[in-house]
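The values are calculated or read from the model by the stated rules, or taken from the named source; none is laboratory data. The shown structure was predicted, so the numbers you read here are calculated from the model rather than taken from an experiment. Ideal geometry is used to build each Cβ from the backbone, glycine not excepted, and the neighbour counts take in all protein chains shown. Ligands, DNA and RNA are stripped out before the accessible areas are found, and what is left, the full protein with its side chains, is counted by its heavy atoms. Shrake-Rupley method; radii C 1.70, N 1.55, O 1.52, S 1.80 Å.
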Amino acid sequence: MTLPFSISGIIVKGDQLGRKLGYPTANLDLPDASKFHGLTGVYAATVTLEEVLYTGMANIGFRPTLIHPSFTVEVNIFDFDRDIYGTPITIHFLERIRDEMRFNSLDDLVKQMEQDEREIRKILSVLLKPDTNTQ
Ligand SMILES: Cc1cc2nc3c(=O)[nH]c(=O)nc-3n(C[C@H](O)[C@H](O)[C@H](O)COP(=O)(O)O)c2cc1C
């Protein structure tokens, strides 16, 4: 699959661990998730939710760091703190920044996610900058 691509689904409750880690995620309910197995990785993303576009960072993966790994398509929406279970969203995957990794501790995962956030905010600020050359 070439970038950018989009995946749509209804938001379901994850393990709620993301909230504790400081990065709550919207997890998609995907009846046939296996067709996305080849797309694993961490991405700069935008999200369409109730016809509004948000920015965020997405993970497609098996989450090998967790005690109970499970395959998920999920997104942490930047500057957003609402309960949106049951809502349909579309995640637009714009740029892939790294492979999913197995960390020795959740602390190490959080440190990496902090770095991901800095990197992805920078990428999105360039990608989404209004084009000043067209008049
Ligand atoms: C940007 C981003 C990067 C992630 N990178 C990894 C990773 O490299 N390895 C991993 O095991 N899990 C990774 N995760 C998944 C987190 O472990 C997961 O979001 C967290 O456990 C919360 O899951 P929950 O919503 O089911 O509670 C990442 C998640 C996001 C949003």
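Using square roots of five times the C-alpha gyration tensor eigenvalues, list the equivalent-ellipsoid semi-axes of region 55-114 in whole Å, biggest first.
Gyration-tensor ellipsoid for region 55-114: 21, 14, 13 Å.
Take the chain, connect every pair of alpha-carbon atoms lying under 10 Å apart with a spring to form a Gaussian network, then pick out the residue of R118, R96, R63 with the largest mean-square fluctuation.
R118
Assigning unit charges at the beta carbon (Lys, Arg +1; Asp, Glu -1) and nothing else, what dipole magnitude in debye, to the nearest 20, does region 5-127 show about its Cα centre?
Using Cβ point charges on Lys, Arg, Asp and Glu, region 5-127 gives about 200 debye.
Sequence gap at least 6, Cα distance under 8 Å: using those rules, report the relative contact order of region 5-127 to the nearest whole percent. Show your work: numbers first, answer last.
Values: 229 pairs, mean separation 39.1, N = 123.
Once normalised by length, the contact order is 32 percent.
Which of rounded, prolate, oblate describes region 5-127, given a ≥ b ≥ c as roots of the alpha-carbon gyration tensor eigenvalues and a/c under 1.5 marking rounded, otherwise prolate only if a/b is larger than b/c?
rounded
State the number of lysine pairs found in the chain whose Cα atoms come within less than 24 Å, restricting to pairs 8 or more positions apart or on distinct chains.
Within the chain, the lysine pair count is 4.
I want to make sure I understand the PRE zone here: with the label point 7 angstrom from the Cα of R118 toward its beta carbon, which residues in region 60-97 have backbone N atoms less than 17 Å away?
97
Please identify the trypsin sites (Lys or Arg not before Pro) of region 1-86 that satisfy two criteria: DSSP loop assignment and at most 13 other Cβ atoms within 10 Å. Which are they?
K13, R82
Go through D116, D99, D79, D108 and list them by solvent-accessible area, largest first, probe radius 1.4 Å.
I get D79, D99, D108, D116, largest accessible area first.
Fully extended, how many nm does the chain gain between T90 and L3 (0.36 nm per residue separation, minus their Cα-Cα distance)?
This chain segment gains 29.8 nm when fully extended.
Out of region 63-121, which GluC sites (Glu not before Pro) are coil in DSSP terms and have no more than 16 other C-beta atoms within 10 Å?
E100
Suppose all protein chains stay in the model; what accessible area per residue would a 1.4 Å probe give for the chain, in Å²? Let's see the in-between values first.
Values: 8100 Å² over 135 residues.
Value returned for the chain: 60 Å² of accessible area per residue.
Taking only DSSP H segments of four or more residues, each worth -39500 (n - 2.57), what value at 222 nm results for the chain once the sum is divided by all its residues, to the nearest 500 deg cm²/dmol?
Per the formula, -6500 deg cm²/dmol.
Using a 1.4 Å probe over the heavy atoms of the protein chains, calculate the carbon and sulfur portion of the accessible area of region 5-127 as a whole percent. It would help to have the intermediate numbers written out before the result.
Working: 3380 of 6670 Å².
Reported share for carbon and sulfur atoms: 51 percent.
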